[in-house]
Amino acid sequence: MEISDLPEERRFEIRLQVALLRNAERISEVSSNPSKFAAYIEERKRKIADLCGPGEIILYKGDQIYP
């Protein structure tokens with residue numbers, strides 16, 4: 001799914017959720033307690049699926065940003 005042509009507000013929401021997910025994954029990797037982030041990471045994935053559909057590959061300006 002290419003999101004470049006979506007309305008700005010929806011495009012922003014999708015990109016925000018992807019950025020929050022990536023940030024949480026990076027923090028989790030270096031955390032002494034990575035399981036602490038599991039629920040938050042799953043919530044971000046659920047929100048992305050709600051916005052775009054489950055299992056959707058998300059592209060922004062031709063670059064894959066998710067998964």
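What does the charge dipole of the chain about its Cα centre add up to, to the nearest 20 debye, if the Cβ of each Lys and Arg holds +1 and the Cβ of each Asp and Glu holds -1? Write out the running numbers ahead of the final one.
Numbers: 11 positive and 12 negative charges, 49 e Å.
Charge dipole of the chain: 240 debye, to the nearest 20.
How about the chain: which GluC sites (Glu not before Pro) there lie in a loop by DSSP and see at most 16 other Cβ atoms within 10 Å?
Loop-located and lightly packed - Glu56.
Run the numbers on the chain and let me know its relative contact order in percent, using alpha-carbon pairs under 8 Å that are six or more apart. Show your work: numbers first, answer last.
Values: 54 pairs, mean separation 29.8, N = 67.
Relative contact order comes out at 44 percent.
Tell me the carbon and sulfur percent of the accessible area for the chain, rounded to whole percent, probe radius 1.4 Å. Present the calculation step by step, with values, prior to reporting the outcome.
Values: 2380 of 4590 Å².
Percent of accessible area from carbon and sulfur atoms in the chain: 52.
Amide H of Ile65 versus every other amide H placed in the peptide plane: which residues, excluding those fewer than 5 positions away on the same chain, fall under 5 Å?
Hits under the 5 Å cutoff: Ile58, Leu59, Tyr60.
Using 1/(1 + (r/R0)^6) with R0 = 30 angstrom and r between the beta carbons of Arg11 and Asn33, what's the FRET efficiency to the nearest 0.05? Don't skip to the answer; put the middle values down first.
Working: r = 34 Å, r/R0 = 1.13.
The pair Arg11/Asn33 has a calculated efficiency of 0.35.
The values are calculated or read from the model by the stated rules, or taken from the named source; none is laboratory data. The structure presented is a predicted model; accordingly, all values stated were derived computationally and were not measured. So basically every Cβ, Gly included, is an ideal-geometry build from the backbone, and we count neighbours across all protein chains shown. When the accessible area is computed, the model is the full protein with side chains, heavy atoms only, and any ligands, DNA or RNA have been set aside. Shrake-Rupley method; radii C 1.70, N 1.55, O 1.52, S 1.80 Å.
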